[in-house]
Amino acid sequence: MSYYNWTEIMSKKETSELAEVIRNKNSESEDKVNAALNELKMRGIETENYNEIVETTKKAVQKPDDSSPILYSDKVIWTFSILFSVIFGGILFAINLKEVDKRKGIMPVIIFSVLYTALSIYILNLTKAKAGIGGPFLTGAIGALILNKLFWKKYIGKGIVYHKKSFIKPLIIALIIFIPLTILVIWSNVIYASM
């Protein structure tokens, strides 16, 4: 008996991920491969030929239409969370939630973003000498991962078809906020160092 419940695990995978399990069937456990095959059959894809599975999944990929929402992509949320802060990524995610009418998720996302950013700042201040410049990027990446994997899956859903919203406006706003803050921090460090 397998330690993992492969049937449940495979049911949560994208079709392309299931195809990848089948492609690597020689290096995967038999239970895992069988669960992937069964899940594909349940989705109406009955073949053991990897190339046919890939072609079928490519054809099944939906294109956004006029009724599809316009959302900031997970890559934009990822980038803003790393470069500016998880708060910015959380705001973009909250705008997405408003667009798909999942308003009940807005408050948890904002609370998470603010608390996570505050905790990150606290931890980075404690480990300032050890973290270096990579610390803020690492904490931003972890926060973005939580937003994009946990919150996106819970409130928006995996596999949603959407149009990508331009990131230019939020980028301008972020730069308007961050450039003066950066100058202020550098200026205060110079004054503090000269005392």
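The values are calculated or read from the model by the stated rules, or taken from the named source; none is laboratory data. Treat the numbers as computed from the prediction; the structure is a model and nothing was measured. Neighbour counts run over all protein chains shown; Cβ positions are idealised from the backbone, glycine included. Accessible surface areas use protein heavy atoms only, side chains included; no ligands, DNA or RNA. Shrake-Rupley method; radii C 1.70, N 1.55, O 1.52, S 1.80 Å.
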Worksheet item: List pairs: first in region 152-173 and surrounded by 13 or more Cβ atoms within 10 Å (Cβ to Cβ), second at pLDDT below 90 and part of a helix (DSSP H, G or I), Cβ under 7 Å, 6+ apart or cross-chain?
Response: 152/74
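Looking only at region 142-183, which residues are in contact with a Ser or Thr (Cβ under 7 Å, 6 or more places away or on another chain), closer than 16 Å to residue 99 by Cβ and in a helix (DSSP H, G or I)?
Kept after step one, since they are in contact with a Ser or Thr (Cβ under 7 Å, 6 or more places away or on another chain), are these residues of region 142-183: 143-144, 147, 161-164.
Add one more test, that the residue is closer than 16 Å to residue 99 by Cβ, and what stays is 147, 161-164.
147, the sole residue that qualifies.
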Item to complete: Give region 74-111 a look and list any residue that's open to solvent by 50 Å² or more (accessible area, probe 1.4 Å) and in contact with a helix residue (DSSP H, G or I) (Cβ under 7 Å, 6 or more places away or on another chain), or say none.
Response: 74, 78, 87, 98, 102, 103, 110
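Just to be sure before I move on: is residue 135 over 13 Å from residue 74 (Cβ atoms), part of a helix (DSSP H, G or I) and either in contact with a strand residue (DSSP E or B) (Cβ under 7 Å, 6 or more places away or on another chain) or not β-branched (Val, Ile, Thr) (or both) in the structure I sent?
Considered against the rule, which asks whether it is over 13 Å from residue 74 (Cβ atoms), part of a helix (DSSP H, G or I) and either in contact with a strand residue (DSSP E or B) (Cβ under 7 Å, 6 or more places away or on another chain) or not β-branched (Val, Ile, Thr) (or both), residue 135 comes out as yes.
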Discussion item. Just the residues that are modelled with pLDDT of 80 or more and open to solvent by less than 20 Å² (accessible area, probe 1.4 Å), please, taken from region 19-38.
Written reply: 21, 33, 35, 36
